[in-house]
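The values are calculated or read from the model by the stated rules, or taken from the named source; none is laboratory data. All of these numbers come straight from a predicted model, not from anything done at the bench. No Cβ is skipped: glycine too gets one built from the backbone with ideal geometry, and neighbour counts run over all protein chains shown. Ligands, DNA and RNA are excluded from the accessible area calculation, which covers all protein heavy atoms including side chains. Shrake-Rupley method; radii C 1.70, N 1.55, O 1.52, S 1.80 Å.
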Amino acid sequence: MNAPDRYERFVVPEGVKKVSYERDTKIINAASFTVEREDHTIGNILRMQLHRDPDVLFAGYKLPHPLQYKIIVRIHTTSQSSPMQAYNQAVNDLDKELDHLKNAFEAELAKHSREY
Amino acid sequence: MEGASHQRFPTVKIRELKDDYAKFELRDTDASIANALRRVMIAEVPTIAIDLVEIEVNSSVLNDEFIAHRLGLIPLTSERAMSMRFSRDCDACDGDGQCEYCSVEFHLRAKCLNDQTLDVTTRDLMSSDPSVVPVDFADSSSGFDNPENRGIIIVKLRRGQELRLRAIARKGIGKDHAKWSPAATVTFMYEPEIHINDDMLETLAIEDRISLAESSPTKVYDYDPITNRVVVVDPEAYTYDDEVIKKCESLKVPGLIEIHPKEDSFIFTVESTGAIKASQLVLNAIDILKQKLDAVRLSEDTVEADDQFGELGAHMRGG
């Protein structure tokens, strides 16, 4: 009877920030981003997109515990960039990629419905 | 904050399309995007399902909660779902989830009056919104073989038994409860690239070539009796079972057949429950994934806080 509400898995509680940022205190150009109420869906595409950036020295994500509904993305970059810049770039690139994918799928759909 | 773009330009080719089934190729992207799409289609594309049941009379053999659960699992046509509100953030009805923006009402009244058993089906569910009704499999292109379409059976009534109830359907996602998942199955596989080394094939006896072609549990290869060669007839039938590779080794010709998964090409199959069309399911998944990405952008105050910290940091480092 004391089970937590199911929506707690995907609704960010009031007063909690969706994305919080923490600089590494010992390494320059290294930081962790804590993303609330996200999982492998977002974590893995961000990680793989960050790997395409030559200024990113390290990018990884973890889901600390299956009952803590958050992921931690850690980024380490060269001095040419910054973790925040790399993160923003990755999100923008993924967004554009999905725009392209949507247009490509719609074009195929239109072509397919004409043929049959 | 301007950096070089490392964007990709994925391509799509649709192979087969029915209302509740789609098969397509996705190229020039990586497994993370393919898997994110699959995960979103299963757990995060919204549909409408019955979420609240008020039972007035129930003298059937099934108890109230059993019937409520069965009602919840009925797929409802959900083209409206993307534009509907979640009842938890609907401000038109103070969150009680009973207004037209976030809910659809259903009524069911059935009583058995004669000696023949009465089947109560989804056809007896009366919807307040003609665009949100139980899925009808009769007019879908695949269809059930059953000539007389009766809908999905909810309960069977004997003489004198009665069922009367009111149900509220709401928008939800598969992550909340599987009844809201619009996907029956979503799968993707790497496209295999199969190379047969013809020079090595020459060293094999005819019967070995035939047994090599037959060693695959699925029909990937065929033996051509005219040219005496083993040819690939259907690379996609390969299930990454390694059987032919092992066969090559046992025939003392390792490397005769080499198979590599193409890491940027995927073959997707999408089956819908009927709540939304398979093609719409893919499009909605892309939209939802875009919304999710938008939500994880850094907020202004985070950036500002870091700028201040940056100056402080530079100061501390002696800058």
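Among the residues of segment B:102-121, what is the count of those that are within 30 Å of B:D89 (Cα to Cα) and surrounded by 21 or more Cβ atoms within 10 Å (Cβ to Cβ)?
Number of matching residues: 5.
Determine if segment A:49-67 includes at least one residue that is assigned to a helix (DSSP H, G or I), among the hydrophobic types (A, V, I, L, M, F, W, C) and closer than 19 Å to B:D30 by Cα. Can you show your working first?
Restricting attention to segment A:49-67, the residues satisfying the condition of being assigned to a helix (DSSP H, G or I) are A:49-51.
Still in the list and also among the hydrophobic types (A, V, I, L, M, F, W, C): A:50.
Among the residues that remain, those that are also closer than 19 Å to B:D30 by Cα are: A:50.
Within segment A:49-67, one or more residues are assigned to a helix (DSSP H, G or I), among the hydrophobic types (A, V, I, L, M, F, W, C) and closer than 19 Å to B:D30 by Cα.
Could you list, in sequence order, all residues of segment B:269-295 that are farther than 14 Å from B:V40 by Cα, in contact with a Lys or Arg (Cβ under 7 Å, 6 or more places away or on another chain) and within 12 Å of another protein chain (Cβ to nearest Cβ)?
B:A295
Looking at (1) under 22 Å from B:E193 (Cα atoms); (2) in contact (Cβ under 8 Å) with a residue 12 or more places away in the chain; (3) not charged (D, E, K, R), find the lone condition where B:G274 falls short.
Unmet condition: (1).
Select from segment A:24-38 the residues that are in contact (Cβ under 8 Å) with a residue 40 or more places away in the chain and outside any loop (DSSP other than H, G, I, E, B) and list them in ascending order.
A:A30, A:A31, A:S32, A:F33
Just checking, which of B:D301, B:D294, B:D287 is closer than 19 Å to A:V12 by Cβ and modelled with pLDDT of 95 or more?
B:D294
Which of the residues that make up segment A:69-97 are assigned to a loop (DSSP other than H, G, I, E, B) and more than 7 Å from every other protein chain (Cβ to nearest Cβ)?
Once the filter is applied, which keeps residues that are assigned to a loop (DSSP other than H, G, I, E, B) and more than 7 Å from every other protein chain (Cβ to nearest Cβ), segment A:69-97 yields A:Y69, A:T78, A:S79, A:Q80, A:S82.
So, B:R39, is that one in the same structural domain as B:K277 (by TED's automatic domain parsing) and open to solvent by 60 Å² or more (accessible area, probe 1.4 Å) or not?
Values: in the same structural domain as B:K277 (by TED's automatic domain parsing): yes; open to solvent by 60 Å² or more (accessible area, probe 1.4 Å): yes.
For B:R39, the condition - in the same structural domain as B:K277 (by TED's automatic domain parsing) and open to solvent by 60 Å² or more (accessible area, probe 1.4 Å) - is met.
Where in segment B:170-278 are there strands (runs of 3 or more DSSP E), lying wholly inside it, with at least 3 residues that are out of contact with any helix residue (DSSP H, G or I) (no Cβ under 6 Å at 6 or more places or on another chain) and on the phi < 0 side of the Ramachandran plot?
Here the list reads B:183-196, B:229-232, B:257-272.
Pick from A:H51, A:H100, A:H112: which is open to solvent by 10 Å² or more (accessible area, probe 1.4 Å), farther than 30 Å from A:V11 by Cβ and more than 7 Å from every other protein chain (Cβ to nearest Cβ)?
Of A:H51, A:H100, A:H112, the one residue that is open to solvent by 10 Å² or more (accessible area, probe 1.4 Å), farther than 30 Å from A:V11 by Cβ and more than 7 Å from every other protein chain (Cβ to nearest Cβ) is A:H51.
If you scan segment B:1-36, which residues turn out to be part of a loop (DSSP other than H, G, I, E, B), surrounded by fewer than 19 Cβ atoms within 10 Å (Cβ to Cβ) and of a type in the set (S, T, Y)?
B:S5
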